[in-house]
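All remarks here apply to the structure that follows.
The values are calculated or read from the model by the stated rules, or taken from the named source; none is laboratory data. Since we're looking at a predicted model, the values are computed, not measured. Reconstructed Cβ throughout: ideal geometry from the backbone, glycine too, with neighbour counts over all protein chains shown.
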Amino acid sequence: MHYDGIQFHNVGDVRSIEGRDGELLQRVPEAVRTELNDGAQSRMRHPAGVELRFVPDGPVRVTLSTVPGGSSEEGTVRVFWGPIQGSTEVVIGDEPTTIEVSTPEKLTDLEPSAREDLAFDPRVCRIQLPGEHRGGPMAYHGLEGDVRPPREDELPDRRYLAYGTSITEGEAPLGEHLTYVSQTARRLDADPINLGSCGTAYCDAAMADHIAERDDWDVATLSISVNMVGTFSPEEFRDRAERLIDRVASAHPDEPVVAITIFRNSRDVCRSADPEGLCERFREELREVVAETPHENVSLLEGPELLPTIGGLTTDLVHPGDDAMITMGENLAAELEALLEDRDRTQR
């Protein structure tokens, strides 16, 4: 989405806010959001993986505020320049706050060869909004300065879409760049599209249709879903997972679609957490769905293999912290790179 000379990355809709200034940024179009389960309707208004991107010509001022509905009334916005982490960090609250940016001096003096191997051009300013548990919904209040949206040749050639739970949305790491989605994308030289849905990744039909109807991704992972353990029966989970995979894979027969079983968590390692073995039952249901799918572009990855130990988890033994997210990103990127290379060889 382009607006005010900005590319609003991972934004599906910009909505007016009753009773206050600014425009709410949400990750899916309103027609999709309102068809999701009640909790997911709220989650899609949390800006996980949302970035405001532009190439500035001189100083730029961008004004943002938080909107009630998040786990925190404040959130820290970080600025990257292409793949290079900037020093600008601004805490945004419910009063409009202005972020001032200008291209760092050293980046204006780069040799052209220094940019050749970078998926993002360092001239692209990327204002990363805080996602899950680092803030809440955010409103855009406008921009002052001379900017243009980034060109295609200034952005990655690939796009990686991820659907899943709070682990995908990125609850525990300290910043958006540390989620496994971002870590995977960086290693793939890909642009991440984060559709994680904290506590509410129920494989809704509206989400399946939305992912299927998008034409802006090259590989997708569907991490499904510890949220459904104890909320749905194994049979209901299987039906929903099968529908999601079939809908997405059939609409994108040339793109890899990867189902990921439930990541290692407290139910696997705490004696009293899962006496009925439901977590492993749900993994087995997903394995069978993938084994029986008629779609050749569908494959399975085991969540516990992407995160082999509980080291790096937070103390709830569910959510990966910084180190665990990096490990997941490394392991997942290696698997997805192989699938993308196979796809490219087949298409040649």
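Here is a check on your reading of the model: is S225 in the same structural domain as N265 (by TED's automatic domain parsing) and modelled with pLDDT of 95 or more? Considered against the rule, which asks whether it is in the same structural domain as N265 (by TED's automatic domain parsing) and modelled with pLDDT of 95 or more, S225 comes out as no.
When only residues in the range 171-189 that are in contact with a helix residue (DSSP H, G or I) (Cβ under 9 Å, 6 or more places away or on another chain) and outside any helix (DSSP H, G or I) count, which is surrounded by the fewest Cβ atoms within 10 Å (Cβ to Cβ)? Outline the logic, then answer.
Taking the range 171-189 as the starting set, the residues that turn out to be in contact with a helix residue (DSSP H, G or I) (Cβ under 9 Å, 6 or more places away or on another chain) are 172-188.
Narrowing the set further to residues that are outside any helix (DSSP H, G or I) leaves 172-175, 179.
Values: A172: 23, P173: 25, L174: 12, G175: 17, T179: 30.
Among them, the one singled out is L174.
In the set (1) surrounded by fewer than 23 Cβ atoms within 10 Å (Cβ to Cβ); (2) assigned to a helix (DSSP H, G or I), the condition left unmet by T168 is number (1).
Set side by side, the residues A205, A220, A172, A212 differ, and just one is at pLDDT 95 or above and more than 19 Å from P256 (Cβ to Cβ), which is A205. The conditions of being surrounded by fewer than 22 Cβ atoms within 10 Å (Cβ to Cβ), touching a residue at least 40 places away in the same chain (Cβ under 8 Å) and touching a strand residue (DSSP E or B) at 6+ places or on another chain (Cβ under 8 Å) are not met by G136.
Are any residues in the range 308-348 in a loop (DSSP other than H, G, I, E, B) and over 30 Å from S272 (Cβ atoms), and if so, which ones?
The answer is R348, and nothing else.
The residues of the range 81-93 that are in contact (Cβ under 8 Å) with a residue 40 or more places away in the chain and in a strand (DSSP E or B), listed by number, are W81, Q85, I92.
From the list E288, E284, E305, E296, pick out the single residue that is charged (D, E, K, R), part of a helix (DSSP H, G or I) and more than 28 Å from A172 (Cα to Cα). Don't jump to the end; show me each part of the working.
Values: E284 fails: more than 28 Å from A172 (Cα to Cα); E305 fails: more than 28 Å from A172 (Cα to Cα); E296 fails: part of a helix (DSSP H, G or I).
Step by step, each of E288, E284, E305, E296 is checked, and only E288 is charged (D, E, K, R), part of a helix (DSSP H, G or I) and more than 28 Å from A172 (Cα to Cα).
R78 meets the conditions (1) in a loop (DSSP other than H, G, I, E, B); (2) surrounded by 14 or more Cβ atoms within 10 Å (Cβ to Cβ) in every case but one. The failed one is (1). Taking T103, is it assigned to a strand (DSSP E or B) and surrounded by fewer than 21 Cβ atoms within 10 Å (Cβ to Cβ)? So T103 fails the test. On the stretch given as the range 311-326, residues that are surrounded by 16 or more Cβ atoms within 10 Å (Cβ to Cβ) and touching a Ser or Thr at 6+ places or on another chain (Cβ under 9 Å) total 8. The residues of the range 138-174 that are within 12 Å of the chain's Cα centre (by Cα) and not polar (S, T, N, Q), listed by number, are R159, Y160, L161, A162, Y163, G164, I167, E169, G170, E171.
Scan the range 108-126 and give yes if some residue there is assigned to a strand (DSSP E or B) and closer than 19 Å to P47 by Cα, otherwise no. Show your work before the answer.
Going through the range 108-126, the residues assigned to a strand (DSSP E or B) turn out to be 125-126.
In the following step, the residues that additionally are closer than 19 Å to P47 by Cα were identified as 125-126.
Yes, some residue in the range 108-126 is assigned to a strand (DSSP E or B) and closer than 19 Å to P47 by Cα.
Considering only residues that are more than 19 Å from D215 (Cβ to Cβ) and crowded, with 19+ Cβ neighbours inside 10 Å, look in the range 243-264 and name the one that is modelled with the lowest pLDDT. Among those that are more than 19 Å from D215 (Cβ to Cβ) and crowded, with 19+ Cβ neighbours inside 10 Å, it is R264.
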